Amino acid sequence: MTPVLNLPWPGQALLRALELRIDVSHGPAELERELAAIHDRIRRPGDRLHAMPAVPAGVPGLRLRYREADGEYYVYVEDAARGRLAGYTVFNRLTEVGRRADPCVRAPHSKYAAPYQRRGLATALYRWGLDAGLCLMSGARQSAGANALWQALARHYTLGYVDLRQKTLTYLGSSVSDEVLGDLHTRMVLLGRGWTMTSFSQATGMY
């Protein structure tokens, strides 16, 4: 399967899966400063973030700005009515995986200001990436809230566990013991639309 290079706009994704929630734990003041600085750049002529096009998010008052840089995807959620940035979701490349797996997997990370948390925004953007064909991989550590989010998404997408070490993926199955789950080499993988575990193994060289 050919990895996705040009993803469609995620506006419609924000209309779905609002029953799912993600817990985000960042210092409120620090996060507000970061979001304010990004929003200033978006509004500053000449800045590379200023050129991002904006489209309606499908949620009243919100609009999306999207960019791709070096194979990583950034989606900014702007509250146009209040003149501020609600937050963003980024789909990062993973330096831990090898060249063969790099085009296929991304690690999603989200930051949203307190008034916009628990509203399903990050969840909807995860679903956008998955529906566009991206396969998502968790980091070495996961909060209880993030784990619950991934388990909820697993009702709609194929979830598997892999061992990642020395840039090599080894499939562990669709479930693992608590001991294995606690190993820092154990990662969760959600397969995007169109993928099977067999095609994912063939594309990434997973054993």
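The values are calculated or read from the model by the stated rules, or taken from the named source; none is laboratory data. Computed from a predicted model, the values in this text were never measured in an experiment. No Cβ is skipped: glycine too gets one built from the backbone with ideal geometry, and neighbour counts run over all protein chains shown.
Data for the structure
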read-out: Some residue of the stretch 141-149 being surrounded by 14 or more Cβ atoms within 10 Å (Cβ to Cβ) and modelled with pLDDT of 90 or more; value: no
read-out: Subset of the stretch 52-69 [over 12 Å from Y116 (Cβ atoms) and assigned to a strand (DSSP E or B)]; value: A54, V55, P56, R63, L64, R65, Y66, R67, E68, A69
read-out: Helices (runs of 4 or more DSSP H) (entirely within the stretch 70-183) containing at least 2 residues that are of a type in the set (A, V, I, L, M, F, W, C) and on the phi > 0 side of the Ramachandran plot; value: none
read-out: V4 vs. criteria among the β-branched types (V, I, T), modelled with pLDDT under 95 and either surrounded by 14 or more Cβ atoms within 10 Å (Cβ to Cβ) or under 24 Å from R187 (Cβ atoms) (or both); value: yes
read-out: Where a residue in the stretch 146-173 is touching a residue at least 60 places away in the same chain (Cβ under 8 Å) and its partner, wherever it lies, is assigned to a strand (DSSP E or B) and charged (D, E, K, R), with Cβ under 7 Å and at least six apart; value: L164/R187
read-out: Condition broken by V180, with the remaining ones in (1) within 30 Å of G27 (Cβ to Cβ); (2) in contact with a strand residue (DSSP E or B) (Cβ under 7 Å, 6 or more places away or on another chain); (3) at pLDDT below 95 satisfied; value: (1)
read-out: Selection from the stretch 184-207 of residues that are among the hydrophobic types (A, V, I, L, M, F, W, C) and either over 20 Å from the mean Cα position of the chain (by Cα) or in a loop (DSSP other than H, G, I, E, B) (or both); value: L184, L191, W195, A203, M206
read-out: Identity of the residue in the stretch 99-121, surrounded by 23 or more Cβ atoms within 10 Å (Cβ to Cβ) and without any contact (Cβ under 8 Å) to a residue 40 or more places away in the chain, that ends up farthest from Q151 (Cα to Cα); value: R106
read-out: Candidates A69, A124 - the one that is farther than 19 Å from M197 by Cβ and crowded, with 22+ Cβ neighbours inside 10 Å; value: A124
read-out: Among (1) under 30 Å from Q202 (Cβ atoms); (2) surrounded by 15 or more Cβ atoms within 10 Å (Cβ to Cβ); (3) not acidic (D, E) - the single one A86 does not satisfy; value: (1)
